[in-house]
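Reading through the structure tokens given below for one structure.
The values are calculated or read from the model by the stated rules, or taken from the named source; none is laboratory data. A quick note: this is a predicted structure, and the numbers were derived from the prediction, not measured. Note that each Cβ is placed from the backbone with ideal geometry, even for glycine, and that neighbours are counted across all protein chains shown.
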């Protein structure tokens, strides 16, 4: 499950996000979280961020 | 009177003329300085220009040539770059109020490699604040204005690079691309650019925005200059451990090889998301490529919008993290648009960001196996719409921000997630028609193929200089 949006923007200590922007941010991030959830269901346990490099480097030279 | 006109010459032609002593580096640099002043007046293109230093460097290049010590392919050629690269002893502006704490100890690797090839660096050029914006708006430096019509955007974030090249001030310039920042300004300003395969070009000494996506690359009018520049700056760099160790081909040596029979994929469904006029211009461009010998085949990107969301999940937290210290302590020093966009990344969970990072290899493998099954290149618009005006996209940090930006980078941002190389070429222009452009997106490390296609295209649609 995606994490619930935090009640306070704790990672922005010292910078207060205005309420009108906070609502937009939460809406946008919630939509992104749905994508993350859907994609995570397709990933094998061993999927790793370094897979990207392996796929790129596996490319044969083409002309 | 010089035997060559620097404002219309390519970097390759200018270097040859300097070597042949048809023009001195000092003369070429004086012309570039005058051109940059014109580009600044019209487009707000220049951030920093030290005339005395530029001319001293040019005279040193002429002296080296006189002694027979000039061997680099860009010897004495004046270039200027997006003001985000480290230069020894200097502090780059990053297009922002917030800057590095101390002068750089070394040149950024791409600059050092161009310098080793003999090129001069004579000015720092406009960029969107922290290179975080695709339109050329900058609420700190002032907005960049399009060289073909100052009411319209330049594209961003490498705005000054594209403007200066378009106006003939310099033949080529470096920029960077995290979500379209080389391709959009090239398209908007009627020039060409190449975002290489992710890891192809070192980012050492370049201002980081989102390291999982950032690419440094060249902008030029003539695709042969793009090939030369990419060949010079690409390749493994111990200062950027992530750079590929794969050998760098001689892109320029092979650029005239024929493209006859080469398949170019077109996803008609995806292209239909563009404005009708953009679709028509892409169609004309494809016909030009067919005239050059290429053939088109239908292809399909399975999940373009999902890839775009994954890109944001990866990018936004990286940008937020890089700026965490400053957003907490100096939030008022940001322009409204960048400040608002920076906030998003703090609300994305670590797990969701990691999902996007872990999925990347799988998503790319699928795209290569399916979309690129029958072709090595796919054509896409660069902008989805005709060039907007500066006023239309002057959304600051307001409620339209994310939707407006998403539309501008609709066709470019997912390419960064996929890590694929992409060459932007300008569409042919009718009289009075504003510039725009399209992308040729290739398989990993297919830069040479893209450049060959670009060269074939420019034989049908030659490069222009903005009047």
Residue under question is residue A:39, and the condition is that it be at the interface with chain B (Cβ under 7 Å from one of its Cβ atoms), outside any loop (DSSP other than H, G, I, E, B), modelled with pLDDT of 65 or more and touching a helix residue (DSSP H, G or I) at 6+ places or on another chain (Cβ under 6 Å); does it hold? yes
Looking only at the stretch A:42-59, how many residues end up being facing chain B (nearest Cβ under 7 Å), more than 17 Å from the chain's Cα centre (by Cα), at pLDDT 95 or above and outside any helix (DSSP H, G or I)? 0
Taking the criterion of being under 20 Å from the mean Cα position of the chain (by Cα) and either on the phi > 0 side of the Ramachandran plot or surrounded by fewer than 22 Cβ atoms within 10 Å (Cβ to Cβ) (or both), would at least one residue in the stretch B:77-86 satisfy it? no
Flag if residue A:62 is surrounded by fewer than 16 Cβ atoms within 10 Å (Cβ to Cβ), at the interface with chain B (Cβ under 7 Å from one of its Cβ atoms), modelled with pLDDT of 95 or more and farther than 30 Å from residue B:332 by Cα: no
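Yes or no, residue by residue, for (1) modelled with pLDDT of 95 or more; (2) within 14 Å of another protein chain (Cβ to nearest Cβ):
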residue	(1), (2)
B:357	yes, yes
B:396	no, yes
B:404	yes, yes
B:409	yes, no
B:414	yes, yes
B:437	yes, no
B:452	yes, yes
B:463	yes, no
Pick out the one residue from B:20, B:31, B:60 that is surrounded by 14 or more Cβ atoms within 10 Å (Cβ to Cβ), farther than 20 Å from residue B:164 by Cβ and out of contact with any helix residue (DSSP H, G or I) (no Cβ under 8 Å at 6 or more places or on another chain). B:60
Conditions (1) within 13 Å of another protein chain (Cβ to nearest Cβ); (2) outside any helix (DSSP H, G or I); (3) buried (at least 24 other Cβ atoms within 10 Å of the Cβ); number of the one not met by residue B:378: (1)
Residue check, residue B:194 outside any loop (DSSP other than H, G, I, E, B) and under 22 Å from residue B:144 (Cα atoms): yes
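When you scan the stretch B:235-248, do you find a residue that is surrounded by 24 or more Cβ atoms within 10 Å (Cβ to Cβ) and touching a helix residue (DSSP H, G or I) at 6+ places or on another chain (Cβ under 7 Å), even just one?
Residues of the stretch B:235-248 surrounded by 24 or more Cβ atoms within 10 Å (Cβ to Cβ): none.
No, the conditions are met nowhere in the stretch B:235-248.
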Could you check, for the stretch B:162-178, whether at least one of its residues is over 27 Å from residue B:33 (Cβ atoms), out of contact with any strand residue (DSSP E or B) (no Cβ under 7 Å at 6 or more places or on another chain) and crowded, with 24+ Cβ neighbours inside 10 Å? yes
What number of residues in the stretch B:207-234 are in contact (Cβ under 8 Å) with a residue 40 or more places away in the chain, assigned to a loop (DSSP other than H, G, I, E, B) and touching a strand residue (DSSP E or B) at 6+ places or on another chain (Cβ under 9 Å)? 5
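I need a count of the residues in the stretch B:249-264 that are away from every other protein chain (no Cβ under 12 Å) and either within 21 Å of residue B:73 (Cα to Cα) or touching a helix residue (DSSP H, G or I) at 6+ places or on another chain (Cβ under 8 Å) (or both).
Total satisfying the criteria: 7.
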Among the candidates B:443, B:366, residue that is more than 19 Å from the chain's Cα centre (by Cα) and at pLDDT 95 or above: B:366
Considering only the stretch B:427-467, state which residues are touching a strand residue (DSSP E or B) at 6+ places or on another chain (Cβ under 8 Å) and assigned to a helix (DSSP H, G or I). B:447, B:449, B:450, B:451, B:453, B:454, B:457, B:458
Looking only at the stretch A:9-34, count how many residues are in a loop (DSSP other than H, G, I, E, B) and either at pLDDT 95 or above or on the phi < 0 side of the Ramachandran plot (or both). 6
Within the stretch B:5-29, the residues that are free of Cβ contacts under 8 Å to residues at least 60 places away in the same chain and farther than 11 Å from residue B:171 by Cβ are B:5, B:16, B:17, B:18, B:19, B:20, B:21, B:22, B:23, B:24, B:26, B:27
Residue B:337 fails exactly one of the following numbered conditions: (1) touching a residue at least 24 places away in the same chain (Cβ under 8 Å); (2) within 8 Å of another protein chain (Cβ to nearest Cβ). What is the number of that condition? (2)
Within the stretch B:381-401, how many residues turn out to be surrounded by 15 or more Cβ atoms within 10 Å (Cβ to Cβ) and in a strand (DSSP E or B)? 1
Considering each of B:284, B:269, B:197 in turn, give the residue that is within 14 Å of another protein chain (Cβ to nearest Cβ), modelled with pLDDT of 95 or more and more than 27 Å from residue B:14 (Cα to Cα). B:197
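May I ask you to say which residue of B:144, B:204, B:186, B:173 is away from chain A (no Cβ under 14 Å), assigned to a loop (DSSP other than H, G, I, E, B) and over 22 Å from residue B:238 (Cβ atoms)? If you could, list the steps in order and put the result at the bottom.
Working: B:204 fails: over 22 Å from residue B:238 (Cβ atoms); B:186 fails: assigned to a loop (DSSP other than H, G, I, E, B); B:173 fails: assigned to a loop (DSSP other than H, G, I, E, B).
The conditions single out B:144.
Looking at this structure, is residue B:331 farther than 25 Å from residue B:186 by Cα and at pLDDT below 95?
So residue B:331 fits the description; yes.
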